[in-house]
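Participant: Right, I'll just put the structure down here and ask away after.
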Amino acid sequence: MEVMWDLDVEARETAERRGLWVARTPTPGTHPDFVQALVGLVQERIFARPTSRRSNTTTIGPWFDVCRPGCCENPRLGFKPAIAGLQP
């Protein structure tokens, strides 16, 4: 609700005070397709569905459950996957 207030009230008022035009883009929130996609993701994990049997709508396939080795950079420790020869 806070984000909705920020966008629908405060941002609109600020824009209007400055003479700017505002158009609010709807968020997926409760759209049935979005909700069903979330349900599908949860069910995949609950039932431990292998990635080969997961649905996807892009050519890159289903996403990973956890980061692959070398995926995440940690600048505080000086680790950079590309420099270390690791491919994310």
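The values are calculated or read from the model by the stated rules, or taken from the named source; none is laboratory data. The structure presented is a predicted model; accordingly, all values stated were derived computationally and were not measured. Cβ: placed from backbone, ideal geometry, glycine included. Neighbour counts: every protein chain shown.
Participant: Tally up the residues in region 1-23 that are at positive phi and assigned to a helix (DSSP H, G or I), please.
Facilitator: The qualifying residues number 0.
Participant: Would region 42-56 turn up any residue that is modelled with pLDDT under 75 and either under 30 Å from VAL3 (Cα atoms) or acidic (Asp, Glu) (or both)?
Facilitator: Yes, because at least one residue in region 42-56 is modelled with pLDDT under 75 and either under 30 Å from VAL3 (Cα atoms) or acidic (Asp, Glu) (or both).
Participant: Looking only at region 24-33, decide whether some residue is part of a helix (DSSP H, G or I) and either surrounded by 10 or more Cβ atoms within 10 Å (Cβ to Cβ) or not hydrophobic (A, V, I, L, M, F, W, C) (or both).
Facilitator: Yes.
Participant: Answer with yes or no whether GLN87 is modelled with pLDDT under 70, exposed (fewer than 11 other Cβ atoms within 10 Å of the Cβ) and either in contact with a Pro (Cβ under 8 Å, 6 or more places away or on another chain) or not aromatic (Phe, Trp, Tyr) (or both).
Facilitator: Yes; evaluated as a whole, the condition is true for this residue.
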